[in-house]
1. Here are some pairs, Lys145/Lys237; Lys56/Lys212; Lys84/Lys167; which of them have Cα atoms lying more than 32 Å apart in this structure?
2. Testing the spin-label approximation: label points 7 Å from Cα along Cα→Cβ at Arg75 and Glu124. State their distance in nm.
3. Give me Val231, Val226, Val127 ranked fewest to most by other Cβ atoms within 10 Å of their Cβ, as a rough exposure proxy.
4. Applying the Karplus parametrisation 6.51 cos²θ - 1.76 cosθ + 1.60 with θ = phi - 60° to the phi angles of the range 69-85, what ³J(HN,Hα) value in whole Hz is obtained for each residue in order, glycine and proline being reported as x?
5. Only four residue types carry charge here, +1 at the Cβ of Lys and Arg and -1 at the Cβ of Asp and Glu. Report the dipole size of the chain about the Cα centre in Debye, rounded to the nearest 20.
6. How high is the relative contact order of the chain, in percent, with contacts defined as C-alpha pairs under 8 Å that are six or more residues apart?
7. Which ordering of Leu143, Leu162 is given by a fewest-first count of other beta-carbon atoms within 10 Å?
8. Only Cα pairs within less than 10 Å get springs; with that Gaussian network setup on the chain, which residue of Gly86, Gly131, Gly139 has the largest fluctuation?
Amino acid sequence: MKKIAHQILRKPFFGRFEVPWIWPHAISKEGWEAVTIPLTDQQTLVGYWKSAPEAKATLVLAHPMGKAAKAFWLRYGHADLFLKNGYNVLIYDANGFGESEGFTFDYPNDVYHAGIYAQKRTPELSVGLIGASFGAAWGLCSLAKADHPFKIAVLEAAFPTLPEFWKHYPTAHAMLKISNALLPKLNQEFNPLAKSAQVKYQPPILLMYGEKDIYTPPEFGHRLKVALDRVTKVELKIINDADHTYIYRDFPEQYQESVLPFLERHFV
């Protein structure tokens, strides 16, 4: 009964995105290993792992909201970019997306456990987080968890609060207002802006935004930076003419010039 109720509640928010997942056409599967990421004794996430030759660190890639789920990182080349530059890569589906069964709205917990899996897989290496939109916001929240494993984070198009993101989706936004009234404490837990002030262990953070992004405009980045500046080192990069989550797809040189040196500087 609880599972059915959760599935019903998910529909206004994620129903359109929860479709059968397939490996992206024309992307080689060579070297990719299917993995299972444990959350509890009964709950797991589905992912893929690929090791870089002589890896210098490991990156967990938290996907944006969409039908592609973890395939986003394969389709647009992020995974290949990081592998070529000496980083192991873990991609995974948040619960309810792609190949992962849906059972909770606690997406920061998904990011956290993906990080724990990566750290156990390569205990001798530092672990970093790369997130986009949905994955960036919940990744930011995961940095407020005790014992999170992330030494560094690159967060593209993170939103500060749920209502500000969901205002573009009227039905979901209405449902969110009802849930805020009924479960205020729960919604405080899923608030990236509030969690920014609680980030632990001072991981350096790079915030990235596209100037033409209507869903998560650069103003969101400025607000998050103000909160994060109190607890860690933060850089904010705004890319002219870029749309939501497509900085690397449309402006690969600018993405690389921002992200790769940032990783090199802060991974130790």
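1. Numbers: Lys145/Lys237 25 Å; Lys56/Lys212 34 Å; Lys84/Lys167 38 Å.
Pairs exceeding the cut-off: Lys56/Lys212; Lys84/Lys167.
2. 3.7
3. Ascending Cβ contact count within 10 Å gives the list Val226, Val231, Val127.
4. With the stated coefficients, the range 69-85 comes to 6, 5, 5, 3, 6, 7, 4, 9, x, 4, 4, 5, 4, 5, 4, 5, 9 Hz.
5. Details: 29 positive and 27 negative charges, 133 e Å.
So the dipole magnitude of the chain works out to roughly 640 debye.
6. Working: 529 pairs, mean separation 40.7, N = 268.
It comes to 15 percent, rounded to a whole number.
7. On the way: Leu143 28, Leu162 19.
Fewest-to-most ranking of Leu143, Leu162: Leu162, Leu143.
8. Residue with maximal mean-square fluctuation among Gly86, Gly131, Gly139: Gly86.
Each reported figure results from applying straightforward, stated rules to the coordinates on display, with no laboratory input. Bear in mind the structure is a predicted one, so any value in this text is a computation, not a measurement. As a convention, Cβ positions derive from the backbone with ideal geometry for all residues, glycine included, and neighbour counts pool all protein chains shown.
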